[in-house]
1. Taking only region 75-100 into account, find how many residues are within 17 Å of residue 8 (Cα to Cα) and in contact with a helix residue (DSSP H, G or I) (Cβ under 7 Å, 6 or more places away or on another chain).
2. So which pairs qualify, if the first residue must be in region 78-100 and over 19 Å from residue 55 (Cα atoms), the second must be not in a helix (DSSP H, G or I), the Cβ gap must be under 7 Å, and the two must be at least 6 apart or on different chains?
3. For a quick check of your reading: which helices (runs of 4 or more DSSP H) sit entirely within region 3-100 and have at least 1 residues that are in contact with a strand residue (DSSP E or B) (Cβ under 6 Å, 6 or more places away or on another chain) and either surrounded by 17 or more Cβ atoms within 10 Å (Cβ to Cβ) or modelled with pLDDT of 95 or more (or both)?
(Lines give C-alpha, C1' and ligand atoms only; values in the text may rest on other atoms or scores of the structure.)
Protein backbone atom coordinates (compact mmCIF):
# COMPACT_ATOMS: atom_id res chain seq x y z
CA UNK A 1 0.00 0.00 0.00
CA UNK A 2 1.35 3.41 -0.92
CA UNK A 3 2.21 5.94 1.79
CA UNK A 4 -0.38 8.42 0.54
CA UNK A 5 -3.10 5.76 0.83
CA UNK A 6 -1.96 4.92 4.33
CA UNK A 7 -2.13 8.58 5.36
CA UNK A 8 -5.60 8.99 3.81
CA UNK A 9 -6.88 5.90 5.64
CA UNK A 10 -5.40 7.16 8.93
CA UNK A 11 -7.07 10.53 8.46
CA UNK A 12 -10.40 8.89 7.59
CA UNK A 13 -10.28 6.59 10.63
CA UNK A 14 -9.40 9.43 13.01
CA UNK A 15 -12.15 11.68 11.60
CA UNK A 16 -14.83 8.96 11.72
CA UNK A 17 -13.85 8.04 15.27
CA UNK A 18 -13.98 11.69 16.34
CA UNK A 19 -17.47 12.05 14.82
CA UNK A 20 -18.59 8.93 16.67
CA UNK A 21 -17.26 10.14 20.01
CA UNK A 22 -18.28 13.80 19.74
CA UNK A 23 -21.12 14.30 17.25
CA UNK A 24 -23.00 11.13 16.29
CA UNK A 25 -24.63 10.74 19.68
CA UNK A 26 -27.37 8.32 18.57
CA UNK A 27 -24.87 5.90 17.06
CA UNK A 28 -22.52 6.23 20.03
CA UNK A 29 -25.38 5.48 22.41
CA UNK A 30 -26.40 2.35 20.49
CA UNK A 31 -22.83 1.08 20.43
CA UNK A 32 -22.34 1.72 24.15
CA UNK A 33 -25.68 0.04 24.96
CA UNK A 34 -24.28 -3.08 23.27
CA UNK A 35 -21.52 -3.13 25.89
CA UNK A 36 -18.71 -1.52 23.90
CA UNK A 37 -16.72 1.47 25.10
CA UNK A 38 -16.43 4.03 22.29
CA UNK A 39 -13.23 5.37 23.87
CA UNK A 40 -11.55 1.99 23.27
CA UNK A 41 -12.41 1.44 19.61
CA UNK A 42 -12.03 2.99 16.20
CA UNK A 43 -14.72 3.54 13.59
CA UNK A 44 -12.84 2.53 10.45
CA UNK A 45 -15.64 2.53 7.84
CA UNK A 46 -19.05 4.19 7.75
CA UNK A 47 -21.82 4.87 5.23
CA UNK A 48 -25.55 5.43 5.02
CA UNK A 49 -28.00 4.29 2.36
CA UNK A 50 -31.12 5.85 0.87
CA UNK A 51 -33.28 3.95 3.39
CA UNK A 52 -31.63 5.65 6.40
CA UNK A 53 -29.68 2.53 7.34
CA UNK A 54 -26.17 3.00 8.67
CA UNK A 55 -23.33 0.57 7.99
CA UNK A 56 -19.84 0.46 9.39
CA UNK A 57 -16.90 -1.40 10.80
CA UNK A 58 -15.50 -1.07 14.32
CA UNK A 59 -11.96 -2.02 15.30
CA UNK A 60 -11.68 -2.90 18.98
CA UNK A 61 -8.44 -2.76 20.95
CA UNK A 62 -8.13 -6.53 21.32
CA UNK A 63 -7.88 -6.81 17.50
CA UNK A 64 -11.54 -7.68 17.16
CA UNK A 65 -13.40 -6.44 14.09
CA UNK A 66 -17.16 -5.89 14.18
CA UNK A 67 -19.41 -4.98 11.30
CA UNK A 68 -22.58 -3.11 12.21
CA UNK A 69 -25.91 -2.17 10.71
CA UNK A 70 -28.31 0.32 12.28
CA UNK A 71 -31.89 0.14 11.08
CA UNK A 72 -34.98 1.52 12.82
CA UNK A 73 -32.77 2.66 15.72
CA UNK A 74 -31.58 -0.92 16.35
CA UNK A 75 -27.95 -1.98 16.21
CA UNK A 76 -26.92 -5.34 14.79
CA UNK A 77 -23.31 -6.41 15.31
CA UNK A 78 -21.47 -9.19 13.48
CA UNK A 79 -17.98 -10.39 14.38
CA UNK A 80 -15.94 -10.49 11.16
CA UNK A 81 -12.53 -10.90 12.81
CA UNK A 82 -11.84 -14.39 11.51
CA UNK A 83 -13.19 -14.04 7.98
CA UNK A 84 -10.45 -15.07 5.57
CA UNK A 85 -9.16 -12.21 3.45
CA UNK A 86 -11.03 -9.52 5.41
CA UNK A 87 -7.91 -7.31 5.55
CA UNK A 88 -7.79 -7.27 1.75
CA UNK A 89 -11.47 -6.37 1.54
CA UNK A 90 -11.19 -3.66 4.23
CA UNK A 91 -7.64 -2.25 4.05
CA UNK A 92 -8.34 0.15 6.93
CA UNK A 93 -7.99 -2.83 9.31
CA UNK A 94 -4.20 -2.89 8.89
CA UNK A 95 -4.01 0.83 9.61
CA UNK A 96 -6.33 0.63 12.62
CA UNK A 97 -4.19 -2.01 14.30
CA UNK A 98 -1.33 0.52 14.32
CA UNK A 99 -3.51 3.33 15.74
CA UNK A 100 -4.86 1.56 18.83
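The values are calculated or read from the model by the stated rules, or taken from the named source; none is laboratory data. Owing to the predicted nature of the structure, the values given are computational and were not obtained by experimental measurement. All Cβ positions, even for glycine, are placed from backbone atoms using ideal geometry, and neighbour counts span all protein chains on display.
1. Looking only at that region, the number is 8.
2. Taking only residues 6 or more apart or on different chains, the pairs are 97/63; 99/42; 100/42; 100/59; 100/61.
3. Values: elements: 3-22, 25-33, 86-89, 92-99.
Those helices (runs of 4 or more DSSP H) span 3-22, 25-33, 92-99.
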